Amino acid sequence: NTIISNMIFSRQSLMLLLLLVLVVTNLSSGFHNYNTISSRQNEKQTLNDYSPALSDQKERKKRCFAISTLRYQSSLPTDHANPSSKFGQPLSAGIEEFNQKSISMMKSMLFDSIFTGENDRQFARFYALETIARMPYFSYLSVLHFYETCGLWRKAKYLKIHFAESWNELHHLLIMEELGGSQKFMDRFIAQHIAVGYYWFVVGLYIVNPVHAYNFNEHVEQHAFDTYDIFLKEQGEELKKLPAPQAAIDYYIDGDLYMFDEFQTSRGCSEPRRPKIENLYDVFVAIRDDEAEHVKTMIELQTDTELRTNHDQTCTVD
């Protein structure tokens with residue numbers, strides 16, 4: 001009873017912290033000029049190594065913000081490219097830095113304190129990470145469905161893209177469950193309750209400013225990429241000796257890869273990505289690379305760029 005009481009108290013404290021982050025962020029937004037062009041510094045080198053084109057993508061984001069500020073000064077166009085160009089406002093560099101520090105603080109408070117120990121705790125850590133990290137995509141879908149129902153805005157492709165992202169994260173979660181990450185009741189209790197609170201936090205943030213919500217999730221996915229990248233470097237040789245979970249084979253090899261292609265918007269009409277799955281190391285490489293794709297999609301969604309996927313009508317097949 002004492003343990004459960006302490007956990008409930010900790011959960012309530014974390015919920016209050018998340019609420020405080022939302023309030024402080026919105027107050028801070030009022031004191032910042034939304035027409036400030038966003039600048040990016042100190043990006044993780046590992047993500048740049050994964051995709052050299054990411055630097056060009058960030059430059060396009062800055063140019064798109066420059067165009068967006070001119071539009072916000074007058075009136076938005078009737079045909080909006082994505083939710084950010086319809087409902088959002090550009091962020092200042094200070095808000096972006098605040099988001100990054102908030103994620104780092106939550107990482108230290110939660111993952112670095114609770115999910116620590118021997119190697120078997122790594123899978124519990126990844127289970128919690130995937131349980132929580134998939135919530136923003138549900139939040140985006142909920143708000144976009146609400147906007148569509150009210151007749152405010154509709155572009156079906158973003159419902160499909162965000163569902164494909166949640167579908168990808170679901171299979172990451174299934175892999176971690178098969179590896180034993182969800183065996184302990186307390187791990188499930190903590191991860192699931194934080195996920196519920198996080199869902200509503202992102203719903204509120206997305207309604208206030210979708211650019212802010214996408215930027216916040218960019219840093220969450222960046223954290224996920226870094227976590228898996230470090231794990232691969234530290235445990236790579238051991239992972240190569242272990243078999244791939246069946247959930248990974250079913251998703252990456254034997255499954256219908258339509259939804260797998262749909263969330264990788266940065267690839268556009270290029271050759272579809274097909275991970276090699278021969279052992280557990282390959283599985284975590286695929287998951288890490290998936291997180292990198294999520295980061296790049298979140299970056300694009302903070303601009304007025306209209307996303308394209310491999311199955312768009314704009315893509316032709318020879």
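Assorted remarks:
- Alpha-carbon centroid distance for the pair segment 203-271 / segment 79-154, whole angstrom: 13 Å
- Accessible surface computed residue by residue for segment 86-195, with neighbouring protein chains in place and a 1.4 Å probe, gives 42 Å² per residue.
- Among 142-155, 247-260, 290-303, sorting by the average number of other beta carbon atoms lying within 10 angstrom of each residue, highest first, gives 290-303, 247-260, 142-155.
- Portion, in percent, of the accessible area of segment 232-318 that falls on carbon or sulfur, probe 1.4 Å: 46 percent
- Magnitude of the charge dipole for segment 128-222, about its Cα centre and with charges confined to Cβ atoms of Lys, Arg (+1) and Asp, Glu (-1), is about 340 debye.
- Stretching the chain fully between residue 116 and residue 306 yields a gain of 64.3 nm (0.36 nm per residue, less the alpha carbon separation).
- Remark: for residue pairs 184/276; 240/296; 157/296; 240/276; 86/157, the C-alpha separation exceeds 20 Å in 184/276; 240/296.
- Cα gyration tensor shape of segment 206-310, rounded if a/c is under 1.5, else prolate or oblate by comparing a/b with b/c: oblate
The values are calculated or read from the model by the stated rules, or taken from the named source; none is laboratory data. Keep in mind it's a predicted model, so treat the numbers as computed, not measured. For neighbour counting, all protein chains shown are included, and Cβ atoms are generated from backbone atoms with ideal geometry for every residue, glycine included. Just so you know, the surface numbers come from the protein's heavy atoms only, side chains and all, with ligands and any DNA or RNA stripped out. Shrake-Rupley method; radii C 1.70, N 1.55, O 1.52, S 1.80 Å.
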